[in-house]
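Please treat every number below as a calculation from the coordinates, not as lab data. It should be emphasised that the depicted structure is a prediction, and the values quoted were computed from it without experimental measurement. In this analysis, Cβ positions are derived from the backbone assuming ideal geometry, glycine residues included, and neighbour counts consider all displayed protein chains.
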Amino acid sequence: MKILIVDDEPAITEFFHRMATVRGFHDVDTVDCAQDAVTRVLQSSYDLITLDVRLPGISGLEIIAVVRNMNPHAVIAVISGFIPDEIPEEVMSCIDVLLPKPISVETFNALLDGALQLAETMVGIRLLGEPAAVLR
């Protein structure tokens, strides 16, 4: 499973990266700004993308539609200490999980488990030759 962690706080990216690798997920990329996240999703496909709201330059919410379009089957988890009261519907429709910081190890592990299960299901559907859109 391929994971992208987008957060401008090094302690957060290191924590998420460490938790993922302890669980056996070694294909984990980290970036600290929205522009780098867009670059990564243009270059590679991810199964799980964690995204902070407050990032330098462009907000995490501003790139969600691009991220979803480039990775339509990824689990997109917004994990932020600042979650706006109102998130536009077109943005919410691109988010799979919305979690406030701080996040517990148990919650992050549950997120990893859910993303892995979806990734494995998508691989199975592709092997059967079925359109992947049936799951969304």
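Quick one: divide the alpha-carbon radius of gyration of the range 1-51 by 2.2 N^0.38 Å and tell me what you get. Let's see the in-between values first.
Details: Rg = 10.2 Å, N = 51, 2.2 N^0.38 = 9.8 Å.
The value comes to 1.04.
How do 107-117, 68-78 rank on mean C-beta neighbours within 10 Å, highest first?
Details: 107-117: 16.8, 68-78: 19.4.
Peptide ranking by packing, descending: 68-78, 107-117.
Can you tell me the relative contact order of the chain? Whole percent, Cα pairs under 8 Å, sequence separation 6 or more.
On the way: 197 pairs, mean separation 30.2, N = 136.
Reported as a whole number, the value is 22 percent.
Springs between alpha-carbon atoms under 10 Å, Gaussian network over the chain: tell me which of Ile87, Ile58, Ile79 tops the mean-square fluctuations.
Among Ile87, Ile58, Ile79, the largest GNM mean-square fluctuation belongs to Ile87.
With labels modelled as points extended 7 Å from the Cα through the Cβ direction, what inter-label distance (nm, one decimal) is found for Asp36 paired with Ser93?
Between Asp36 and Ser93, the simple spin-label model gives 3.2 nm.
What ranking do Leu42, Leu51 get, fewest neighbouring Cβ atoms within 10 angstrom at the top?
Values: Leu42 11, Leu51 23.
So the ranking, lowest neighbour count to highest, is Leu42, Leu51.
If you scale each eigenvalue of the Cα gyration tensor by 5 and take the root, what three semi-axes come out for the chain, rounded to whole angstrom and sorted largest first?
Values: eigenvalues 97, 64, 39 Å².
Those come to 22, 18, 14 Å.
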